[in-house]
Structure formats: structure tokens, C-alpha cells
Amino acid sequence: MHVVVVGAGIIGATIAWNLRARGAEVTVIAEGPGAASTATFGWVNASFYLDDDHFRLRTAGIDAWHRLEAQSGLGLVDWCGCLSWEEQGAEMAATAERLNGLAYETRALSRADWTRMEPALADLPDEALYMPQEGATEGADSAAALLANAGVPQVIGTPVRRIVEEGGRVTGVETDQGIFHADHVVLAAGSGTSALLGDFGVLLPMVPRPGLMMRTAPVERVLSHILVTPGQEIRQDAQGRIVASTVANHQEDQTERIIERPDTVARLTLQRMAPMFPTVELALERVTLANRPMPGDEKPVIGPVGPEGLTVAVMHSGVTLGAIVGELVATEITGGNVASELLAPWRADRLLS
Ligand SMILES: Cc1cc2nc3c(=O)[nH]c(=O)nc-3n(C[C@H](O)[C@H](O)[C@H](O)COP(=O)(O)OP(=O)(O)OC[C@H]3O[C@@H](n4cnc5c(N)ncnc54)[C@H](O)[C@@H]3O)c2cc1C
């Protein structure tokens, strides 16, 4: 079976890797590297979720990242754990009780505890929650590493203009370089997904959710965990850059349009968080802006859609969900169309009129 995967972000890459692992021939075709996967904060977690099914998929997502690392031999996720004090007092206690009630380990820490865990930080509150099972990955780097590891041929820099269908069955994709034939096509094109479905009269609603992410120049190691503060989420990458969202609670960010200049917003973010890092001087290196690929009801859309032989996978929190979605989609495609129970809540039908 030959599968064309459209998209080289984290979702295209995890699906391609898992298809190869199940014996399929795969070609990845993409306009460029992952857009959201480059701009992402990269937090792998299930402490944020929208409903019970979403929580179940996210916890399965954490487990699947461990499997993918073991199977590929790649170190993809920094399992550094997360310290959160976005809430305080009764609200924080209620969050801990809710998450522990779901068997999602969440420890309440005192100031003495977190001072031992993050000795270089200043200006922190009296209490914080600790989720030791969470981690972070560089979305675009992990995508590239997985595609290289699987030895998947990639045609990058080539937009797919149209998905080719004959007699109700997909037969390939059309690009400016001609048609690439395929027995199955996976659309993992992030924010570009819905445009390619229109040809089949499939109108997949998406909502605009642009997000800004800033990175500083590298500094010595001052941070060992992901921090969720009332101002923004923060972590330090392997090269020493401090990475931060420019808004609080970016996973629930409802902004539809960013009208301020990205560098201005990033500098204000830097000023806000600098007092936390008294031992280093932070300098802005880069700010990225990308749309979160967000279906109309803000939940993942995964599974067959339109003509036979076409599968779509588009979602926010694709970093958390990439490993599990890769496994489940590849199994559905290569396993004789046996539908995954875990994917049942995420079919496109619910959004199509
Ligand atoms: C600011 C921000 C912060 C985020 N933080 C988190 C987080 O902390 N945790 C988390 O789990 N998720 C987070 N997300 C969401 C997560 O990053 C995305 O869900 C994920 O990266 C989506 O991956 P993707 O592969 O679907 O899309 P992308 O990475 O956008 O890749 C899309 C691919 O499709 C290609 N493409 C598009 N159209 C075409 C076409 N017509 N022809 C050919 N190729 C095409 C592109 O070139 C690209 O290769 C964040 C997103 C943003 C923007």
C-alpha cells in the first residue's frame, strides 16, 4: 500500500512514522515544514482538557510518546514535569482534587519544596502544583527526526493543489510537479486542511486562533520544569533558550486576531517575566506567530472523510496528541479499516452539515 501524507508537521510525521512501522510505503508532501509545529510551546500534558474523552485521548497521548521513543530509539520529549501556580488557594486545591480523582498524579508543593526544585527562580508564590508526568518537545525538530528515522521520502516546498479522485476513490494528489499516485491520502495539513477538502463539497469549519511564542537567546540553565504562571507558560529548551507564550493560559486562548506588533508583545512578555530570573540577563532572540489548527468546536477531527481512501487529522494540542494519533490513524489505514474506539468521538461528521 502506498500512502501520501500531506503535511510535514508533527501530525504528518507521527502518522508517516507509524505507517512505515506497519509496512506501508509512504511519501510526505508538504508546502514547508510544520507551521504550528515550529511555533508551538510544545507542552505534552493532560492537565488541560475539554471533556472526559479529550482527557482520555491526552493521557493515552502521553503513554504513546513513551512508546514512540522506545520504538524509534529517539529522545523526543524532555520529561521534565510541570509546576503550576496559575491558580492559588481554593481554586488550586480543587484542580488538584479533580486531577488526582482522575488518577492523574498532581502533588501540592510548598514554597520550600519548589525552592529546592527550582533554586535559581525568584518571585514565586507560596504554593504550586507539580505534575511529574508532563514534558515538552520541540514540535518541528521531533517531526524532522521522526521522518528521518523512518526513512520516509519527503517532497518539501511543494503545495498540494488538489486531491485526485476517480469513481468515488482517492487515487493521488496533484502538485505543480505533477500527480503523485496513492492508494490512500492522509491530510495532515494543519490550518491548510479545510481548503483541500472543499473540492469534495466538504466544508470543515475552522476557527482562527493565532498564537505568539517568544524565545530568548540561550542562557545558563536556570529552569528545570515547565512553569505555568498567572502571566504565561515558560520553559527552557535544550540549548538554554527561555521559551514563553505571550499570554496566560495559551491553550484556552480565544484571540482571533493579533493586532499588536509581535516584537512589542514579546518585549512586554520579557519584561514581565525577567524578575523571575535574577541571575541571568534575558535578550529576545525570536518571536513566532502561527495559527493553531483549530476545528470549529476546538476539538480534534480525525478519521475518514469525503471519498474512499481519504483520512484527515487536524487538531490543536497536536504536540500532546501526535504520538497517539499517529498510532491510531496508521492502524486504521493498514489494519483493514478496523475503527479505533478511542477515535470515535473525533470523527468529522459532527461538524459537517
Ligand atoms: C502558539 C502555539 C502554541 C501551541 N502550544 C501547544 C502546546 O503547548 N501543546 C500542544 O499539544 N499543542 C500546542 N499547540 C498546537 C500544536 O502546535 C499543533 O496542534 C500542532 O503543531 C499541529 O501540527 P500539524 O502537523 O497538524 O500542523 P503544522 O505543524 O502546521 O503542519 C502543517 C503541514 O501541512 C503543510 N501544508 C499545509 N497546506 C498544504 C498544502 N496545500 N499542500 C502541501 N502541504 C501543506 C504545511 O507546509 C506543514 O508541513 C500550539 C500551537 C501554537 C500555534
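Scanning for something in contact (Cβ under 8 Å) with a residue 60 or more places away in the chain, outside the structural domain of Phe48 (by TED's automatic domain parsing) and open to solvent by 70 Å² or more (accessible area, probe 1.4 Å), does the range 97-108 turn up at least one residue? Checking the range 97-108: not a single residue is in contact (Cβ under 8 Å) with a residue 60 or more places away in the chain, outside the structural domain of Phe48 (by TED's automatic domain parsing) and open to solvent by 70 Å² or more (accessible area, probe 1.4 Å).
Within the range 310-321, does at least one residue satisfy the condition of being away from the ligand (no atom under 13 Å from the Cβ), surrounded by fewer than 20 Cβ atoms within 10 Å (Cβ to Cβ) and in contact (Cβ under 8 Å) with a residue 40 or more places away in the chain? No: the range 310-321 contains no residue that is away from the ligand (no atom under 13 Å from the Cβ), surrounded by fewer than 20 Cβ atoms within 10 Å (Cβ to Cβ) and in contact (Cβ under 8 Å) with a residue 40 or more places away in the chain. Residue pairs whose Cβ atoms lie under 6 Å apart, sitting 6 or more positions apart in sequence or on different chains, and linking a residue in the range 288-307 that is under 17 Å from Gly198 (Cβ atoms) and near the ligand (Cβ under 8 Å from one of its atoms) to a partner that is of a type outside the set (A, V, I, L, M) and open to solvent by 30 Å² or more (accessible area, probe 1.4 Å), are Pro293/Ser191. Checking Val338 against (1) surrounded by fewer than 16 Cβ atoms within 10 Å (Cβ to Cβ); (2) within 17 Å of the chain's Cα centre (by Cα); (3) away from the ligand (no atom under 11 Å from the Cβ), which test does it fail? If we test Val338 against (1) surrounded by fewer than 16 Cβ atoms within 10 Å (Cβ to Cβ); (2) within 17 Å of the chain's Cα centre (by Cα); (3) away from the ligand (no atom under 11 Å from the Cβ), just (2) comes out false.
Within the range 158-190, being at pLDDT below 95 and within 10 Å of the ligand (Cβ to nearest atom) holds for one residue alone: Thr158.
Can you tell me which residue in the range 123-152 is farthest from the ligand (Cβ to nearest atom), limited to those that are modelled with pLDDT under 95 and open to solvent by 30 Å² or more (accessible area, probe 1.4 Å)? That would be Asp126.
Within the range 191-213, count every residue that is without any contact (Cβ under 8 Å) to a residue 60 or more places away in the chain and within 7 Å of the ligand (Cβ to nearest atom). Result for the range 191-213: 1. If you go through the range 159-168 and pick out every residue that is surrounded by 13 or more Cβ atoms within 10 Å (Cβ to Cβ) and over 27 Å from the mean Cα position of the chain (by Cα), you end up with 2.
Applying the criterion of at least 1 residues that are more than 13 Å from the ligand (Cβ to nearest atom) and open to solvent by 40 Å² or more (accessible area, probe 1.4 Å) to the helices (runs of 4 or more DSSP H) found wholly in the range 1-87 leaves 10-21, 52-72.
The values are calculated or read from the model by the stated rules, or taken from the named source; none is laboratory data. Everything numeric here is computed off the predicted structure, so don't read it as measured data. So basically every Cβ, Gly included, is an ideal-geometry build from the backbone, and we count neighbours across all protein chains shown. These accessible areas exclude ligands, DNA and RNA; they are computed on the full protein's heavy atoms, side chains included. Shrake-Rupley method; radii C 1.70, N 1.55, O 1.52, S 1.80 Å.
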